[in-house]
Amino acid sequence: MQVTMSLSSLVGMSQNFNEEHLRRSLKTILTYAEEDLELRDTPFPEQVQDLVFNLHMILTDTVKMKEYQQDPEMLIDLMYRIAKGYQTSPDLRLTWLQNMAGKHSERGNHAEAAQCLVHSAALVAEYLNMLEDCRYLPIGCVSFQNISSNVLEESAVSDDILSPEEEGICAGKYFTESGLVGLLEQAAASFNMAAMYEAINEVYKILLPVHEASRDFKKLATVHGRLQDAFNKVCNQSSGWERMFGTYFRVGFYGSRFGDLDEQEFVYKEPSITKLAEISHRLEEFYMERFGDESVEIIKDSNPVDKSKLDPNKAYLQITYAEPFFDTYELKERITYFDKNYNLRTFMYCTPFTLDGRAHGDLHQQYKRKTILTTSHAFPYIKTRINVIHKEEVILVPIEVAIEDMQKKTQELAFATHQDPADAKMLQMVLQGCVGTTVNQGPLEVAQVFLADIPDDPKLFRHHNKLRLSFKDFSKRCEDALRKNRSLIGPDQKEYHRELERNYAKLRESLFPLINRKIPQLYKPLNLQPTHSQRNSFSRSSLRKVDC
């Protein structure tokens, strides 16, 4: 540990150290450890090897930081790796976590800065708990799980490797009760700047018992006042759309020019409403500056990349918009807008395709590939890009694509109808897209393509029935939306509303024979034989007397 701290001081503060000499020294240490015959059968050589490897990684990443000052993602990645290298040195890890918080704050990434401070507080709590058992202090990083599922990585290393009672360990000003309080207050302030008011509540849940134990009523009043402000802001922004927490993109790197990044995939978190063109331009411009204008190419589609077809002398980037993905069971817990934008690990992007190789075709030819990505950590995290560790694909056949499209239209109608406060312009725009006569591949065409005939393949019977029921729900939502629109319009829009109603009447009339046609095979009566049983209470096993 002392060796690690000394190396950190040398690399971080000395302006004229010789990197090559330092590497050679580390190699010499490794050679001595491997060639010592007396120690060969002990765990010591392996421990030396691990230490030298860790020191080498820290040295490499620290030197690399000077090269990547203009690449914010890579810079934070290097700082992250250095902090990870100091896992057995809590003082140095804390320093690097705070450095990362500072970098994020400079770039306006307040959610990530808050996460760095939460990790710092969890690290301090972990070692304070080892020093003394205070009932009002958090019992370690496990107490911070409601703030972030990532925080368990701050768990203290085993006592036999590191003890906070050793001289020089956990000696900084933050490894105290007041230091912990300060980190938590900074984290709450950063969450406030990130408009993540719900997370402030979780931070103060840890902080309040400390102030209560010290009977500091002035600070308690301040904290409760801040909580009141945070909750009021949540109430005033109930829809959530006033707070844009970030946009996500899947970025793939292909080509030996990228070095360690070759064939790596990441999910990037970009600020607020970032368009695909913006992040594409930023990354393309940066790597062109590094590798040359002719050496960088953006892969325009989101299809799987066949590396054998790529030019080995070029660097390729594939950038795709991705959105958070939730299983049905998760949506029961993720109710609010904040819930659906916090602690995110699973993302999805869709790729339309046809069997003849085109991206788009007629309705009956249109397939869709859903790619579901799982990241190593949950967003928001202490960095803005996270590695993809798992990928799975789901292929939707044309009728399934149609079902999804109709369900999406129905949800849009429901949202526009029940929006509070009501937005007449949005409601009319959605209605026009659903019942307008000029809508290509609109609801009527979808119904005519997929519901006109009963499918020959029995496997598609349930899809056919699901689409039929989706149209019934869609029709009901259209009626609700028209009723709502009638209550919102002024005298100048009455004729426009009558036109919408006429269009809907035509659509409903055309849909009626299609959506009321059932597949007989799905509605066969069950041939169940009646069973006769005694219904007196004595014959029921729950009430039967048992001889012991």
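The values are calculated or read from the model by the stated rules, or taken from the named source; none is laboratory data. This structure is a prediction, so every number in the text was calculated from the model and none was measured. So basically every Cβ, Gly included, is an ideal-geometry build from the backbone, and we count neighbours across all protein chains shown. Keep in mind that these areas ignore ligands, DNA and RNA; they rest on the heavy atoms of the full protein, side chains included. Shrake-Rupley method; radii C 1.70, N 1.55, O 1.52, S 1.80 Å.
Based on this model, can you work out whether LYS84 counts as open to solvent by 60 Å² or more (accessible area, probe 1.4 Å), part of a helix (DSSP H, G or I) and either at pLDDT 80 or above or basic (Lys, Arg) (or both)?
Against the criterion (open to solvent by 60 Å² or more (accessible area, probe 1.4 Å), part of a helix (DSSP H, G or I) and either at pLDDT 80 or above or basic (Lys, Arg) (or both)), LYS84 qualifies.
Is at least one residue of the range 407-430 aromatic (Phe, Trp, Tyr) and in contact with a Leu (Cβ under 8 Å, 6 or more places away or on another chain)?
Among the residues of the range 407-430, not one is aromatic (Phe, Trp, Tyr) and in contact with a Leu (Cβ under 8 Å, 6 or more places away or on another chain), which makes the answer no.
Taking the range 215-227 on its own, how many of its residues are over 22 Å from ILE147 (Cα atoms) and open to solvent by less than 30 Å² (accessible area, probe 1.4 Å)?
Adding up the residues that qualify gives 0.
Kindly list, by first and then second residue, each pair from a residue in the range 456-476 that is farther than 16 Å from LYS408 by Cβ and surrounded by 15 or more Cβ atoms within 10 Å (Cβ to Cβ) to a residue that is among the aromatic types (Phe, Trp, Tyr) and modelled with pLDDT of 90 or more, limited to pairs with Cβ atoms under 8 Å and residues at least 6 apart or on different chains.
HIS464/PHE450
If you take the residues in the range 181-214 that are among the hydrophobic types (A, V, I, L, M, F, W, C) and outside any helix (DSSP H, G or I), which one is surrounded by the fewest Cβ atoms within 10 Å (Cβ to Cβ)?
ALA195
Name the single residue that is surrounded by the fewest Cβ atoms within 10 Å (Cβ to Cβ) among those in the range 276-302 being touching a residue at least 12 places away in the same chain (Cβ under 8 Å) and within 24 Å of LEU344 (Cα to Cα).
It comes out as LEU276.
Name the residues in the range 320-373 that are at positive phi and free of Cβ contacts under 8 Å to residues at least 40 places away in the same chain, would you?
GLY357
Which of the residues that make up the range 285-330 are part of a helix (DSSP H, G or I) and of a type in the set (Ser, Thr, Tyr)?
Scanning the range 285-330 gives TYR287, SER295, SER308, THR328, TYR329.
Would you confirm, using the coordinates I've provided, whether ILE403 is touching a His at 6+ places or on another chain (Cβ under 6 Å), in contact (Cβ under 8 Å) with a residue 24 or more places away in the chain and outside any strand (DSSP E or B)?
no
If a residue has to be hydrophobic (A, V, I, L, M, F, W, C), closer than 15 Å to LYS506 by Cα and either in a helix (DSSP H, G or I) or modelled with pLDDT of 85 or more (or both) to count, how many in the range 423-440 make the cut?
Within the range 423-440, residues that are hydrophobic (A, V, I, L, M, F, W, C), closer than 15 Å to LYS506 by Cα and either in a helix (DSSP H, G or I) or modelled with pLDDT of 85 or more (or both) number 3.
Can you name the condition, by its number, that ARG250 falls short on among (1) modelled with pLDDT of 95 or more; (2) on the phi > 0 side of the Ramachandran plot?
In the conditions (1) modelled with pLDDT of 95 or more; (2) on the phi > 0 side of the Ramachandran plot, ARG250 misses (2) alone.
If you scan the range 310-362, which residues turn out to be out of contact with any Phe, Trp or Tyr (no Cβ under 9 Å at 6 or more places or on another chain), more than 22 Å from TYR248 (Cα to Cα) and either of a type in the set (A, V, I, L, M, F, W, C) or open to solvent by 80 Å² or more (accessible area, probe 1.4 Å) (or both)?
If the condition is that a residue be out of contact with any Phe, Trp or Tyr (no Cβ under 9 Å at 6 or more places or on another chain), more than 22 Å from TYR248 (Cα to Cα) and either of a type in the set (A, V, I, L, M, F, W, C) or open to solvent by 80 Å² or more (accessible area, probe 1.4 Å) (or both), then PRO312, ASN313, TYR329, LYS332, ASP356, ARG358, ASP362 are the ones that fit.
Condition first: open to solvent by 20 Å² or more (accessible area, probe 1.4 Å), outside any helix (DSSP H, G or I) and modelled with pLDDT under 90. Can you find one or more residues in the range 91-98 that meet it?
Within the range 91-98, not a single residue is open to solvent by 20 Å² or more (accessible area, probe 1.4 Å), outside any helix (DSSP H, G or I) and modelled with pLDDT under 90.
Out of the range 353-391, which residues are within 23 Å of the chain's Cα centre (by Cα) and under 22 Å from MET406 (Cα atoms)?
LYS368, ARG369, LYS370, THR371, ILE372
Of all residues in the range 185-227, which are more than 23 Å from GLY140 (Cα to Cα), touching a residue at least 24 places away in the same chain (Cβ under 8 Å) and of a type in the set (A, V, I, L, M)?
MET193, ALA194, ALA195, MET196, LEU227, listed by residue number.
Determine which member of the set PHE258, PHE253, PHE245 is open to solvent by less than 80 Å² (accessible area, probe 1.4 Å) and assigned to a strand (DSSP E or B).
PHE253 is the lone residue from the list that is open to solvent by less than 80 Å² (accessible area, probe 1.4 Å) and assigned to a strand (DSSP E or B).
Can you pull out every residue in the range 113-164 that is under 14 Å from SER89 (Cα atoms), open to solvent by less than 10 Å² (accessible area, probe 1.4 Å) and at pLDDT 85 or above?
Within the range 113-164, SER120, LEU123, VAL124, TYR127, GLU154 qualify.
Going by the structure shown, is ARG282 assigned to a helix (DSSP H, G or I) and over 29 Å from the mean Cα position of the chain (by Cα)?
no
Checking LEU261 against (1) out of contact with any helix residue (DSSP H, G or I) (no Cβ under 7 Å at 6 or more places or on another chain); (2) farther than 24 Å from ARG345 by Cβ, only one condition comes out false. Which one?
(2)
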